[in-house]
1. Would you point out which residue out of I65, I51, I46 is within 10 Å of the chain's Cα centre (by Cα) and among the β-branched types (V, I, T)?
2. With the condition being under 28 Å from I2 (Cβ atoms), open to solvent by less than 90 Å² (accessible area, probe 1.4 Å) and at pLDDT 85 or above, I'd like the helices (runs of 4 or more DSSP H) fully within the stretch 22-81 carrying at least 1 qualifying residues.
3. Of (1) more than 9 Å from the chain's Cα centre (by Cα); (2) part of a helix (DSSP H, G or I); (3) not hydroxyl-bearing (S, T, Y), I12 satisfies all except one. Which?
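The values are calculated or read from the model by the stated rules, or taken from the named source; none is laboratory data. Remember, predicted model here, so these are calculated numbers, not experimental data. Every residue, glycine as well, gets a Cβ built from its backbone with ideal geometry; the counts of neighbours run over all protein chains shown. Protein only, heavy atoms only, side chains kept; ligands, DNA and RNA dropped before computing areas. Shrake-Rupley method; radii C 1.70, N 1.55, O 1.52, S 1.80 Å.
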Amino acid sequence: MIKYIFMCLLCIHIIGDFYVQREDMALKKEKQFKWTVYHAIIYAAIGIVLILLVLPDVPWLYILIFAVSHALIDMVKFGIC
């Protein structure tokens, strides 16, 4: 089960940070908080869809922790928080 969770989270990370996030969004989120929020919402949506498709029995709390932790990491990374 753990390897499925890891593979799912890895796919979400690759899709959310490298395919969906354009370079201009990455640059804008360094300067404006709203772009970090947009990215976090998109990332969370991708995460929710993939997790529910691959691992439908995962508790919602885990999905919420995953989405919020990515948003917090981005905020800290770009000095917003």
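1. Details: I65 fails: within 10 Å of the chain's Cα centre (by Cα); I51 fails: within 10 Å of the chain's Cα centre (by Cα).
None of the others qualify; the one that does is I46.
2. Numbers: elements: 23-28, 33-54, 60-77.
Filter on the stretch 22-81 gives 33-54, 60-77.
3. I12 satisfies every listed condition except (1).
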